Structures are given as C-alpha cells and as structure tokens.
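Data first, discussion second: the structure below is written as structure tokens.
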Amino acid sequence: LLLTLDGCYQDGQSSIARYLLDKDRGAYVRKEAGYRALVESVFEKIEIFIRSDFSWIPYTWIVMRCVKI
C-alpha cells in the first residue's frame with residue numbers, strides 16, 4: 001500500500017494556486033496523468049482524488065492510494 005499527498009496542477013485552477021505550486025516545488029509538480037504514470041507500472045489498483053479544500057490557502061492536492069495485489 002502506498003499513500004501519497006502532493007501538489008498538483010489542474011486545468012482551470014486559480015492563478016494563486018498555480019503560483020504557489022510553482023514556487024513550492026515547481027520542478028516536480030505534475031498533472032494527474034503524470035502522477036498516475038509514476039505508479040501504474042508497479043501498482044494494480046490506483047485511486048486518485050484531486051482536492052482543493054484541505055486548507056484555506058488556494059492550493060490543489062492530489063491524493064493517491066495505490067495497492068499492489
């Protein structure tokens with residue numbers, strides 16, 4: 001089981017959230033498809049949730065729950 005929580009780019013996200021992602025860890029932040037590509041060769045079951053309500057600061061998160069069966 002692998003659980004991850006990372007910043008994530010998303011089409012239509014606020015310019016403030018995108019700015020914060022660029023300044024936080026911009027070199028490694030991906031869109032959902034990019035994160036999925038990192039784990040799909042190892043894990044059979046992948047659940048992905050995109051959230052922007054974890055904080056009062058505008059920020060977009062990706063939560064992945066990956067299970068190797």
Round to the nearest 10 and give me the degree value, 0 to 90, for the angle of helix 15-25's Cα axis relative to the longest principal axis of the chain.
-> 60 degrees
Please report the Cα spread of the chain along all three principal axes, rounded to whole Å, starting with the longest.
-> 39, 22, 19
Given a 1.4 Å probe and every protein chain left where it sits, what share in percent of the accessible area of the chain is carbon and sulfur?
-> 56 percent
Quick one: putting +1 on the C-beta of Lys and Arg, -1 on the C-beta of Asp and Glu, what dipole do you get for segment 1-55 around its Cα centre, in Debye to the nearest 20?
-> 140 debye
Take every Cα pair under 8 Å in the chain that's 6+ residues apart, average their separations, divide by the length, and report that relative contact order as a whole percent.
-> 47 percent
What length, rounded to one decimal in nm, is gained on full extension from residue 15 through to residue 57, with 0.36 nm per residue of separation minus their alpha-carbon distance?
-> 13.9 nm
Checking the chain for trypsin sites (Lys or Arg not before Pro) in a loop per DSSP with at most 10 other beta-carbon atoms within 10 Å yields 68
Which of the GluC sites (Glu not before Pro) found in segment 18-67 are loop residues per DSSP with 15 or fewer other Cβ atoms within 10 Å of their Cβ?
-> 40, 44
Which value in nm describes the separation of the simple spin-label points at residue 28 and residue 1, placed 7 Å from the Cα toward the beta carbon?
-> 2.4 nm
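The values are calculated or read from the model by the stated rules, or taken from the named source; none is laboratory data. Note that this is a predicted model, so its numbers are computed, not measured. No Cβ is skipped: glycine too gets one built from the backbone with ideal geometry, and neighbour counts run over all protein chains shown. Just the protein is used for accessible areas: all its heavy atoms, side chains included, with ligands, DNA and RNA removed. Shrake-Rupley method; radii C 1.70, N 1.55, O 1.52, S 1.80 Å.
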